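**Student:** Please see the structure below; I have some questions.
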Amino acid sequence: MVQADYGQTEFLVQAPQEGGYILDFFSRRKKSKKIVDRVSDAIEQANQQTTTEAKSLKDQIENRKIQISNKILTPIEFRELRDKPNKEIIRQYGDRSIAKEIDQVLSTIRSEYAGDSTFELAMTGTSSHSFTFNKYKSIKFHEVVARRSLGVPVLYSGKLHELDMKNYRGKFYNKATGRTSILHLSNESDSMKVHPYLSPKKNIKFIGCPLIEFGSIEPHSGDVFFIDLVDSE
């Protein structure tokens with residue numbers, strides 16, 4: 001959001017009521033119904049999505065390396081990722097942000113001290129929606145929202161301007177977007193591969209996989225997982 005958005009997104013929150021911890025909130029802003037609809041839709045998507053066992057990111061990285069080595073997958077140009085998202089990208093990145101905010105609220109219900117507590121959310125935009133979460137439902141919601149996977153391999157080009165050799169992580173300036181992303185490295189060997197490019201005078205070109213969270217990616221500055229170097233200047 002930019003500063004100009006804040007006035008159009010204000011909601012008035014009333015004083016708590018008795019009978020639990022009850023809060024009413026409302027808005028007369030023109031965009032308020034669309035905002036409520038967007039939040040309701042994101043929650044509904046998370047509720048309807050089923051959870052399946054996922055491979056660890058480490059296993060997924062190794063699998064991507066094998067697929068590329070055996071020419072099962074061919075890395076795409078960055079513009080293809082931005083302009084033509086693959087089939088794994090099923091929702092907008094904003095929906096992921098909304099769902100994660102709700103998930104933070106539900107962490108209270110998941111707590112071992114919560115007992116039989118529930119969280120209820122009733123929302124009315126262009127239509128009305130009601131959501132009720134107990135401990136079990138809040139755990140399932142978290143499993144869906146927190147699930148992470150790797151996207152297709154992509155060719156990235158830019159500058160490496162920070163590198164943490166101990167934690168296998170760096171910061172990468174993407175020449176295509178003018179934005180900075182977190183670059184995740186699998187091990188010491190991968191860290192050593194990129195280390196020579198930790199210089200403002202050197203350009204690095206590598207194959208990486210964008211992080212998919214809740215079926216969405218942030219193509220401009222989202223996290224990227226390093227796969228291998230390609231020809232660099």
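**Student:** Taking Leu150 as the residue in question, decide whether it is modelled with pLDDT of 95 or more and surrounded by 20 or more Cβ atoms within 10 Å (Cβ to Cβ).
**Tutor:** Criteria not met by Leu150.
**Student:** Also: Counting only residues that are among the acidic types (Asp, Glu) and either surrounded by 16 or more Cβ atoms within 10 Å (Cβ to Cβ) or in contact (Cβ under 8 Å) with a residue 60 or more places away in the chain (or both), how many does region 115-145 have?
**Tutor:** So the answer is 1.
**Student:** Mind listing whichever residues of region 181-202 are aliphatic (A, V, I, L, M) and either buried (at least 19 other Cβ atoms within 10 Å of the Cβ) or on the phi > 0 side of the Ramachandran plot (or both)?
**Tutor:** Matches in region 181-202: Leu183, Leu185, Val194.
**Student:** Does any residue of region 43-60 turn out to be in contact with a Leu (Cβ under 6 Å, 6 or more places away or on another chain) and in contact (Cβ under 8 Å) with a residue 12 or more places away in the chain?
**Tutor:** yes
**Student:** Restricting attention to region 32-49, does a residue exist that is more than 24 Å from the chain's Cα centre (by Cα) and surrounded by 11 or more Cβ atoms within 10 Å (Cβ to Cβ)?
**Tutor:** yes
**Student:** Continuing with this model, one more query. Picking from Arg110, Arg169, which residue would you name as being outside the structural domain of Asp41 (by TED's automatic domain parsing) and either modelled with pLDDT of 90 or more or farther than 30 Å from Lys71 by Cβ (or both)?
**Tutor:** Going through Arg110, Arg169 in turn, the sole match is Arg169.
**Student:** Let me ask another. I'm trying to understand the selection: among the residues of region 1-40, which are closer than 14 Å to Ala122 by Cβ, assigned to a loop (DSSP other than H, G, I, E, B) and aliphatic (A, V, I, L, M)?
**Tutor:** Residue satisfying the conditions is Leu23 alone.
**Student:** Suppose the filter is touching a helix residue (DSSP H, G or I) at 6+ places or on another chain (Cβ under 9 Å) and farther than 22 Å from Asp83 by Cβ; does Leu185 pass it?
**Tutor:** For Leu185, the condition - touching a helix residue (DSSP H, G or I) at 6+ places or on another chain (Cβ under 9 Å) and farther than 22 Å from Asp83 by Cβ - is met.
**Student:** Residues to consider are Leu73, Leu81; find the one that is at pLDDT below 90, within 30 Å of Leu183 (Cβ to Cβ), touching a Gly at 6+ places or on another chain (Cβ under 9 Å) and not in a strand (DSSP E or B).
**Tutor:** Sole residue among the options that is at pLDDT below 90, within 30 Å of Leu183 (Cβ to Cβ), touching a Gly at 6+ places or on another chain (Cβ under 9 Å) and not in a strand (DSSP E or B): Leu81.
**Student:** Only residues that are assigned to a loop (DSSP other than H, G, I, E, B) and free of Cβ contacts under 8 Å to residues at least 12 places away in the same chain: list them for region 168-190, please.
**Tutor:** If the condition is that a residue be assigned to a loop (DSSP other than H, G, I, E, B) and free of Cβ contacts under 8 Å to residues at least 12 places away in the same chain, then Gly178 is the only one that fits.
**Student:** Give me a count of the residues in region 98-157 that are in a helix (DSSP H, G or I) and not hydrophobic (A, V, I, L, M, F, W, C).
**Tutor:** The number of residues fulfilling the criteria is 14.
**Student:** Kindly evaluate Gly178 against the criterion of being small (Gly, Ala, Ser), more than 14 Å from Leu229 (Cα to Cα) and buried (at least 19 other Cβ atoms within 10 Å of the Cβ).
**Tutor:** no
The values are calculated or read from the model by the stated rules, or taken from the named source; none is laboratory data. Keep in mind that this is a model prediction, so the values were computed, not measured. In this analysis, Cβ positions are derived from the backbone assuming ideal geometry, glycine residues included, and neighbour counts consider all displayed protein chains.
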